[in-house]
Amino acid sequence: MAPFDLENIQGDIWPGLPKRQEVFLFFRIADDASQRQKFKEYLRNLIPDITTAKAVLDARARIREEKDKTAADDEASKLLPWSGVNIAFSSTGLAALGKHIMNTKVNMEEIRRDPAKWRELKKNQIRGDLFDKGMFDDLVYEGWDDPQELRREYKKDPETKQRQIDGVVFVASSTQKQLEKAVGLVKEKLHMRDIDDDIDEDAACKLILTRKGKARPRQLKGKEHFGFQDGISQPQLEGLDPPPKGEKEPKAVPPGLILIGHDGDALKQPAWTKDGSFMVFRDLQQLVPEFDQFLEDNAHASRSTEKSPASANKLGALIMGRWRNGTPVDLNPHDDNDPSLYRSNNFNYTPVGSHDRCPFAAHIRKMRPRADLDDDEAVIIRRGIAYGPEVSEEEKRNKKTSKERGMLFVCYQSDIRNGFNFLTTRWASNHHFPSNKYDAVGLSGPGIDGIAGQRLAHHPPRNMGLPDGKKPSEARLSLGAWVTHKGGEYFFTPSLKALREDLSSAPLQAKL
């Protein structure tokens, strides 16, 4: 296996930016050719501030060293001031930088007749129709996003009918002070102006939307707003991550499922894209009081929950596939009292013909079926962060959301169609996946993923099968809609080399 250049890979792809706080700055590049040239010059100035995989590893080593030191001194560990910056571009952004031709503007028959043009296209053009068309066309026109629920910035411009977001810079930090400093630096170096700024003197880069995320406080750190431990089961990349230790843990996966140009990458992208990755950003609102009330109202949905001393929590665990502290229900379907299981990945759902412990439609089983498949067929690495305030006492009393909160979901893969798109459409939203489970769950199939599965109003009702001691099981749980999809975009996260050599340029020298 070829060695990895850790100074060429942006650090959020792997191993992931440490983040207590994170800001996403979505921007648009000017249409004017001279302004686009200026943006490429500004981008060149930002490159030294882009955080690489090596820089992240170094930062994590310093963080561990500080924790070990304070533990030895019996002191509370201090937050080391740290910030990281990464950047990614949508297909329209790459087109603005002269590195992509939108498929809607390509006459493929004409290009194929011209060998020189065909060679040039193959040399430069990123493959992947979903990246080219963008998330709005994919998930509204061909998917199940409701356009009425999307933030306006993720929609097409009502006047030009064009997508609005060309790229995103995201800044992660350990402290608010460091975050503000790094965001200010990014805006200064890119000469980023607010979209509503009337001053048009230098409008090479316009800030379209800002989204802010923050880890939840104290003992809730690491949990998403429904209360479940997040980020436990990530794929281990061969040659980068330590090999899995448990006998039943998923095997390590080829790095090319995440990093372009490495073993396992099947798309054969242009050489300039090596060490990059496709980034999916999803803006997900979570209706937490409604979810909690649903669990209370349906706590006795089947024999498997009504016998539990914590029926509502048990139902939540069956929907997710893990208890809130991370314990897999496949390892302990009755309670979550064993600390050794809190972050366990040493399970595989065997025997695969049964869902007595973990429902076939549980979120983590839908997203990673383990023994149901010979190998991981669809792989993503998740890098999201929570946003919004904690649930207020008033919201708890009223059992209704009044302040927005949720997840700024980010994932990476070398192929959007075989990664995020496949997971959400073919698996999460498919009532009959995992397949061939009718003997255990009946002809209605396993059901839909209650967290990630989507259905529009005119679709069949959302439900999932629950274990009830019968074969086939008869218990079906009608699911609510607790996640509102607010939109997002598909991006390409380039390598440092691509940023320097293909997407930016040195300032033009003035002629005497």
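The values are calculated or read from the model by the stated rules, or taken from the named source; none is laboratory data. None of these values were measured; they are calculated from a predicted model. Every residue, glycine as well, gets a Cβ built from its backbone with ideal geometry; the counts of neighbours run over all protein chains shown.
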Practice problem: Would you kindly identify the helices (runs of 4 or more DSSP H) lying entirely within segment 106-156 that contain at least 2 residues that are among the aliphatic types (A, V, I, L, M) and at pLDDT below 85? | Solution: 108-112, 115-124
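For every residue, the table says whether it meets (1) under 20 Å from R282 (Cα atoms); (2) touching a helix residue (DSSP H, G or I) at 6+ places or on another chain (Cβ under 7 Å).
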{"residue": "P18", "(1), (2)": "yes, yes"}
{"residue": "R28", "(1), (2)": "yes, no"}
{"residue": "L46", "(1), (2)": "no, yes"}
{"residue": "D49", "(1), (2)": "no, yes"}
{"residue": "I63", "(1), (2)": "no, no"}
{"residue": "K69", "(1), (2)": "no, no"}
{"residue": "G84", "(1), (2)": "no, yes"}
Quiz prompt | Residue list for segment 434-451, filter: over 16 Å from M367 (Cβ atoms), buried (at least 20 other Cβ atoms within 10 Å of the Cβ) and among the hydrophobic types (A, V, I, L, M, F, W, C) | solution = A440, V441
Practice problem: Identify, from the list G388, G419, G406, the residue that is under 30 Å from D275 (Cβ atoms) and small (G, A, S). | Solution: G419
Quiz item: Just to be sure, is L43 more than 19 Å from the chain's Cα centre (by Cα), crowded, with 21+ Cβ neighbours inside 10 Å and in a helix (DSSP H, G or I)?
Solution: yes
Exercise. Of the conditions (1) touching a residue at least 60 places away in the same chain (Cβ under 8 Å); (2) closer than 18 Å to C358 by Cα; (3) assigned to a helix (DSSP H, G or I), F291 clears all except one; give me its number.
Key: (2)
Quiz prompt | Selection from segment 147-160 of residues that are surrounded by 14 or more Cβ atoms within 10 Å (Cβ to Cβ) and over 19 Å from G384 (Cβ atoms) | solution = K155, K156
Self-check item: Candidates R60, R64 - the one that is closer than 26 Å to V23 by Cβ, under 25 Å from the mean Cα position of the chain (by Cα), assigned to a helix (DSSP H, G or I) and not aliphatic (A, V, I, L, M)
Solution: R60
Quiz item: Got a number for residues in segment 398-433 being surrounded by fewer than 18 Cβ atoms within 10 Å (Cβ to Cβ), farther than 22 Å from E149 by Cα and among the acidic types (D, E)?
Solution: 0
Quiz item: Do you know which residues across segment 324-370 are assigned to a helix (DSSP H, G or I), out of contact with any helix residue (DSSP H, G or I) (no Cβ under 7 Å at 6 or more places or on another chain) and in contact (Cβ under 8 Å) with a residue 24 or more places away in the chain?
Solution: R365, R370
Quiz item: Of everything in segment 278-306 that's among the aliphatic types (A, V, I, L, M) and out of contact with any His (no Cβ under 7 Å at 6 or more places or on another chain), which residue is modelled with the lowest pLDDT?
Solution: A301
Quiz item: Which residues, taken from segment 118-153, are touching a residue at least 24 places away in the same chain (Cβ under 8 Å), within 16 Å of Q285 (Cβ to Cβ) and among the charged types (D, E, K, R)?
Solution: D145, D146, E149, R151, E153
Practice problem: Return a yes/no flag: does segment 317-325 have any residue that is surrounded by fewer than 23 Cβ atoms within 10 Å (Cβ to Cβ), farther than 25 Å from Y438 by Cβ and either among the hydrophobic types (A, V, I, L, M, F, W, C) or out of contact with any Ser or Thr (no Cβ under 6 Å at 6 or more places or on another chain) (or both). | Solution: yes
Self-check item: strands (runs of 3 or more DSSP E) contained entirely in segment 159-224, each with at least 3 residues that are modelled with pLDDT of 95 or more and among the basic types (K, R)
Solution: 205-214
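This table checks each residue for (1) hydroxyl-bearing (S, T, Y); (2) surrounded by fewer than 18 Cβ atoms within 10 Å (Cβ to Cβ); (3) within 23 Å of A88 (Cα to Cα); (4) in contact (Cβ under 8 Å) with a residue 24 or more places away in the chain.
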| position | (1), (2), (3), (4) |
| --- | --- |
| Q162 | no, yes, yes, yes |
| K181 | no, yes, yes, yes |
| G184 | no, yes, yes, no |
| A203 | no, no, yes, yes |
| L207 | no, no, yes, yes |
| Q219 | no, yes, no, no |
Self-check item: Residues of segment 27-40 satisfying the condition of being buried (at least 17 other Cβ atoms within 10 Å of the Cβ), assigned to a helix (DSSP H, G or I) and hydrophobic (A, V, I, L, M, F, W, C)
Solution: F39
Quiz prompt | Within segment 155-181, considering residues that are touching a Leu at 6+ places or on another chain (Cβ under 8 Å) and among the hydroxyl-bearing types (S, T, Y), the one nearest to K212 (Cα to Cα) | solution = S173
Exercise. Select from segment 294-346 the residues that are closer than 24 Å to T401 by Cα, among the polar types (S, T, N, Q) and in contact with a strand residue (DSSP E or B) (Cβ under 8 Å, 6 or more places away or on another chain) and list them in ascending order.
Key: N298, N325
